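Structure first, commentary second.
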Amino acid sequence: MKLLWLAICNIEDKRAAERARDHGKPAGQRKAQGRLVEGQIVTNWNQALAQLAAAYPDRINPYL
């Protein structure tokens with residue numbers, strides 16, 4: 001879980017840097033993607049969690 005969360009945070013940091021570069025540009029010229037965590041839905045989370053539970057049942061299932 002911790003590694004998955006850290007990976008999501010890493011992706012969000014990169015996206016935040018892209019958004020900072022695009023700040024002030026007209027909407028049509030922005031290339032940065034939206035936020036991954038805050039205000040956005042993390043897609044396929046249930047699928048990722050199910051795969052982690054199947055791969056590591058002793059580590060994941062007690063927390064579900």
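The values are calculated or read from the model by the stated rules, or taken from the named source; none is laboratory data. Predicted model only: the values in this text are computed from it and were never measured. So basically every Cβ, Gly included, is an ideal-geometry build from the backbone, and we count neighbours across all protein chains shown.
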| task | Evaluate region 41-62: report whether one residue or more is in contact with an Asp or Glu (Cβ under 9 Å, 6 or more places away or on another chain) and either surrounded by 12 or more Cβ atoms within 10 Å (Cβ to Cβ) or at pLDDT 80 or above (or both). | result | no
| query | Among the residues of region 1-29, which ones are farther than 29 Å from N46 by Cβ and charged (D, E, K, R)? | reply | R21, D22, K25
| request: May I ask you to verify whether Q33 is in contact with a Gly (Cβ under 7 Å, 6 or more places away or on another chain) and at pLDDT below 80? | output: no
| message | Of everything in region 15-34, what is outside any loop (DSSP other than H, G, I, E, B) and closer than 19 Å to A48 by Cβ? Give them in sequence order. | response | R15
| query | Residues of region 20-30 being basic (K, R) and modelled with pLDDT of 80 or more, which ones? | reply | R21, K25
